[in-house]
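Colleague: This is the structure I have questions about; it appears just below.
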Amino acid sequence: MIDKIVNESGWYTPRNDVRKDLDRDLMVKYAVIGGGINGVSAAYRLAQLGHEPILLEADEIGSGGTGASNAIITTTSGSEESAVELLRIFGEIKTKRLYDSVGKGVSFIRSIIEREKIDCVYGLPGYLCLFDNEDEAMNEMRVQDIFGNKSILVHNNSLKKFIDGDYYKAGLFFSDSDKNFVIDPLKFIREMANISERIGTDIYENSKVVIIRENNRNVSLFLQNGREITTEKVIVSTNPYTLGLKGLPLSVKKRGVPICQYLSLLEFADYTPVRNCGGFADEEDIAYMFGNVNGRKMMVSSGNFEFIASREPSELNINIEANLDVVRKRFGRDDFSLIKSWAGKIGGSPTKGFLPQTGFYDEREKVYIGFFGDGLPIGCYLGLTAANVVSNNGEVPKDYNLQRNDSLLLELAGIAPAWAIDRFGKKFL
């Protein structure tokens, strides 16, 4: 039995400051529900546009999926599918739109870190994508280049510079430090929330919204403590772990499934088996792994157990042991200690990628849904987009609009592995 399972993520540190909870009724123009990357980005953008939104977080800022993530920031990943596979399925135009969205999120995250001097960049820059043969690596390199992601092909005989073991045969190293880096997500999201407050956002923590009630004139938000907020428009920036929220239609709820991405923080005796980069991932079909590196510590997740973990809590230890076993098999090393493991409650859908969805859920256009998955950059981009849309500064991008049957994201859902759908049932799609 593994005894180092924790509720908080490996990034967690206690905060000195304590934000107030909402202890009175309010009337506001814009409200945002959720204090992760999506919600904080939306609130920041609304404040930047001159509005004075409020943000309501059920726990602490960053306490959900954002603060529990691996926080690998890269423009190379538009889905858990490779660029080669995305191009094959969707063609160049749609795939480019997906990568462009991710790139906008990465650019915003990098720009605000530099402009505000946020001390949150973790470890070395650079992202390493690993393959079991060189032909696959070369094909991926060619396609990534189409979408503006330049890389260096690492041949088998040069791979020892980056990794131990004989499992992988080739790699692509994406060295552009503006596009490929790792952040401490809690430091980042906490400081971004502070910045948002300074320019006009009121943030309330420990203020859980339990009911949304919309009428022809406005929206009422009812909190667990009995308080009520009346607002003209609301952005729901939660993930499927909070889909117990009453008032959202089934058409929204049925697309979300709580998925756990179990992460493990390991410490090695001398150096990690992955080095000279900040983040890494491999291109296995289902049993993929990814993680980040800093000194003798490595944070890792084995993706093949995410769906099982989300629906089978009794298998928690099996999932964490799987993370450790993958490290042993991939790198041929067992000289590490497990510091802690935790569940990254990322939410999503029973697909190989996670399903962002955004847009107004009815014709009255008062409640805007901003669920997201598949990385912090896309979550950031969709949060900024939500703020632009509700404040009439932009349109809902059709690729991410939950109401459109031709949405690119619904097409992404179509590449779900059959075993995942069989296990969880088609009712989620």
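Every number here is computed from the coordinates shown, using simple stated rules; none is lab data. Worth saying up front: this structure is predicted, and the values here are computed from it rather than measured. All Cβ positions, even for glycine, are placed from backbone atoms using ideal geometry, and neighbour counts span all protein chains on display.
Colleague: If the cut-off is a Cα-Cα distance under 19 Å, which aspartates and glutamates reach Lys104, setting aside same-chain residues fewer than 8 apart in sequence?
Modeller: Output for Lys104: Glu80, Glu92, Glu114, Glu116, Asp145, Asp176, Asp178, Asp374, Glu395, Asp399.
Colleague: Here's a follow-up. Ordered by residue, what ³J(HN,Hα) values in Hz, to whole numbers, does segment 203-211 give under the Karplus form 6.51 cos²θ - 1.76 cosθ + 1.60, where θ = phi - 60° and Gly and Pro are x?
Modeller: Values, residue by residue: 10, 10, 9, 6, 10, 7, 7, 10, 9 Hz.
Colleague: Starting from the Cα-Cα distance between Asn215 and Ile199, subtract it from 0.36 nm times their residue separation and give me the gain in nm to one decimal. Walk me through the intermediate numbers first.
Modeller: Details: separation 16, 0.36 × 16 = 5.76 nm, distance 3.03 nm.
This chain segment gains 2.7 nm when fully extended.
Colleague: Further question: With θ set to phi - 60°, apply the Karplus curve 6.51 cos²θ - 1.76 cosθ + 1.60 along segment 133-147 and write out the HN-Hα couplings as whole Hz, x wherever there is a Gly or Pro.
Modeller: Along segment 133-147, the couplings run 7, 6, 4, 4, 4, 5, 5, 5, 4, 4, 6, 4, 5, 4, 9 Hz.
Colleague: OK, next. Provide the gained length on full extension for the span Asp166 to Thr230, in nm with one decimal, where the gain is 0.36 nm per separating residue minus the Cα-Cα distance. Write down the numbers at each step before the final one.
Modeller: Values: separation 64, 0.36 × 64 = 23.04 nm, distance 6.01 nm.
Gain on stretching Asp166 to Thr230: 17.0 nm.
Colleague: So what are the ³J(HN,Hα) numbers for segment 326-341, from phi and the Karplus equation (6.51, -1.76, 1.60; θ = phi - 60°), rounded to whole Hz, Gly and Pro as x?
Modeller: My calculation for segment 326-341 gives 4, 4, 4, 6, 5, 10, x, 9, 9, 8, 9, 10, 7, 7, 6, 10 Hz in order.
Colleague: If the reach is capped at under 15 angstrom between alpha carbons, list the aspartates and glutamates near Lys398, excluding any in the same chain fewer than eight residues apart.
Modeller: Correct list for Lys398: Asp100, Asp406, Glu411.
Colleague: Next question. All other residues with a Cβ under 11 Å from the Cβ of Ala43 taken together, and with Lys, Arg as +1 and Asp, Glu as -1, what is their net charge? List each step's numbers first, then the result.
Modeller: Numbers: positive: Arg45; negative: Glu52, Glu57, Glu197, Asp202.
Result for the local shell: -3.
Colleague: Only counting other Cβ atoms within 10 Å, I'd like Asp21, Asp335 sorted with the fewest neighbours first. Walk me through the numbers before you get to the answer.
Modeller: Details: Asp21 16, Asp335 9.
Exposure proxy ranking, most exposed first: Asp335, Asp21.
Colleague: Separate question: Just grab the label-to-label distance for Asp270 and Ser177, each label 7 Å out from Cα along the Cβ direction, in nm (one decimal).
Modeller: Going by the 7 Å Cα→Cβ label model, 2.7 nm.
Colleague: Holding the Cα-Cα limit at 24 Å, pick out from Lys29/Lys96; Lys117/Lys160; Lys169/Lys329; Lys160/Lys297 the pairs that are longer than that. Walk me through the intermediate numbers first.
Modeller: Details: Lys29/Lys96 35 Å; Lys117/Lys160 35 Å; Lys169/Lys329 14 Å; Lys160/Lys297 18 Å.
In this structure, Lys29/Lys96; Lys117/Lys160 exceed 24 Å between Cα atoms.
Colleague: Which FRET efficiency value, to the nearest 0.05, do you get for Lys398 and Asp23 by plugging their Cβ-Cβ distance into 1/(1 + (r/R0)^6) with R0 = 51 Å? Display every interim value, and only then the final one.
Modeller: Working: r = 41 Å, r/R0 = 0.81.
Rounded to the nearest 0.05, the efficiency is 0.80.
Colleague: Next question. Using the alpha-carbon centroid of each, what span in Å lies between segment 41-65 and segment 117-158?
Modeller: If you average the Cα positions of each part, the centres end up 33 Å apart.
Colleague: Here's something else I'd like to know. Using Cα positions and a limit of under 14 Å, work out the aspartates and glutamates in reach of Lys340, with same-chain residues fewer than 8 apart set aside.
Modeller: Those aspartates and glutamates meeting the cut-off are Asp3, Glu8, Glu267, Glu321.
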